[in-house]
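Each value in this text was obtained by applying a stated rule to the coordinates, not by laboratory testing. The structure presented is a predicted model; accordingly, all values stated were derived computationally and were not measured. Here the Cβ is made from the backbone with ideal geometry for all residues, glycine too, and neighbour counts use every protein chain on show.
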Amino acid sequence: MDETIKGYLTQVESEFGHEMYYKDIKLKHNHWIKNVNLKNDRDILNKLFYNLRFFSKLEIKGVLCEEIKRLKSLHNNLEQAAILPLSPVDGRYSGSNELISLIKEIDVEEQMNRGRLLPFRDSILNDLKYTKDIETLIFVDDIAGTGGTLEKFVKCHSKSLEGKKVIFIFLTATRAALDKFSAIQEKYKEIDFEFIHYHELKKVSSINILSKEEYKRLFDIEEDLWGKGNNNILGFKQSELLVLFSHNIPNNTISNFWHPSEEKWKRLFTRITAPNRKMQNYSNAGKR
């Protein structure tokens with residue numbers, strides 16, 4: 001094994017070995033890297049792994065705590081505010097719910113130290129229908145990749161958001177998502193938006209870690225995993241991101257890290273997901 005990656009594995013195991021994704025990372029990496037046989041292919045995968053941006057639970061909690069305390073100082077201690085998950089419009093559980101759990105955990109820790117992060121029991125809400133009389137709404141999420149989730153959310157709930165201060169906090173965002181934020185602000189001028197992101201993510205093709213030949217070879221590896229034209233090649237809609245959170249790996253991350261088929265490809269990280277529920281056609285139920 002290359003000495004650089006060997007040393008890096010030792011470093012991340014020491015620093016993050018208590019996190020679920022980095023437990024037994026040397027063994028996991030050994031299985032993953034053996035998906036390819038050529039040295040050049042292994043070099044490509046190792047460059048991706050070396051540049052993967054990991055957000056530990058501790059770092060995420062630190063970001064959330066600092067940002068909420070900053071907003072408290074700007075918005076009357078959040079006494080007229082509520083914090084909510086940026087849930088997909090179909091109501092699915094998402095990374096935003098994980099962040100809400102961490103905010104609650106921070107509040108508990110603050111109270112154990114005779115402090116308080118949140119002013120009220122209902123400072124965290126799970127549904128917009130309870131926010132009619134609340135002036136400021138703060139939505140949290142881990143990633144704005146394409147900006148599609150946010151765009152659909154605002155379109156679906158624009159009437160409920162009118163006349164309010166609406167703040168979106170993202171751990172990470174891409175340039176495409178930031179451009180989408182600007183377009184949303186321009187379209188929905190009756191809503192007072194503020195978009196906050198902690199870290200901007202860049203495409204692999206723009207950060208110069210791979211040569212043109214290596215990038216083409218990476219695309220071929222990904223295409224071989226999924227088949228031509230698949231949306232997951234290089235990450236969802238070719239996001240080309242290198243990011244991992246303590247609670248999950250997003251589908252925007254280059255897919256050879258998380259490809260779901262254990263038979264075709266030994267993944268390095270398991271993406272936490274589940275199949276869609278099969279919908280019963282009740283309109284035809286009971287018909288013969």
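Run the numbers for Leu38 and Tyr188: contour at 0.36 nm per residue of separation, minus the present Cα-Cα distance, in nm.
Gain in length upon complete extension: 48.8 nm.
What's the extension gain from Asn30 to Val108 if we count 0.36 nm per residue and subtract their Cα-Cα distance?
24.1 nm
Determine the dipole magnitude for the range 158-288: charges of +1 sit on the beta-carbon of Lys and Arg, -1 on that of Asp and Glu, nothing else is charged, the reference point is the Cα centre, and the result goes in debye to the nearest 20.
That gives the range 158-288 a dipole magnitude of about 660 debye.
In nanometres, what is the gap between the two model label sites at Asp122 and Lys212, each 7 Å from Cα along Cα-to-Cβ?
In this crude spin-label approximation the distance works out to 6.1 nm.
Counting other beta carbons within 10 Å of each residue's own, what order do Val12, Val108 fall into, fewest first?
Least crowded to most crowded, the residues run Val108, Val12.
Quick check: residue separation of Leu74 and Glu3 times 0.36 nm, minus the Cα distance between them. What number comes out in nm?
The span from Leu74 to Glu3 would gain 20.7 nm if fully extended.
Can you sort Phe170, Phe269 by how many other beta carbons sit within 10 Å, fewest first?
Ascending Cβ contact count within 10 Å gives the list Phe269, Phe170.
To the nearest 500 deg cm²/dmol, what mean residue ellipticity at 222 nm is calculated for the chain from DSSP H runs of n ≥ 4 alone, each contributing -39,500 (n - 2.57), summed and divided by the residues?
-12500 deg cm²/dmol
Normalised by the residues of the chain, what does the relative contact order come to in percent, with Cα pairs under 8 Å and at least six apart?
On the way: 385 pairs, mean separation 48.8, N = 288.
Value for the chain: 17 percent.
Which one of Phe193, Asn37, Ile169 has its Cα pushed farthest toward the positive end of the charge dipole of the chain, where Lys and Arg give +1 and Asp and Glu give -1 at the Cβ?
Value: Asn37.
Comparing Pro85, Pro275, Pro250, which has the greatest mean-square fluctuation in the GNM of the chain with Cα pairs linked when under 10 Å apart?
Answer for the Gaussian network model of the chain: Pro275.
If I take R0 = 25 Å and measure r between the Cβ atoms of Lys237 and Glu262 in this structure, what FRET efficiency does the formula 1/(1 + (r/R0)^6) give, to the nearest 0.05?
Taking R0 as 25 Å, the efficiency between Lys237 and Glu262 is 0.55.
Sort all Cα-Cα distances of the range 57-201 into consecutive 10 angstrom bins from zero, then give the percent of pairs in each bin up to the one containing the longest distance.
Bins of 10 Å from zero give 11, 45, 37, 7, 0 percent of pairs.
What is the order of Asp127, Asp224, Asp133, Asp142, fewest Cβ neighbours within 10 Å to most?
Least crowded to most crowded, the residues run Asp133, Asp127, Asp224, Asp142.
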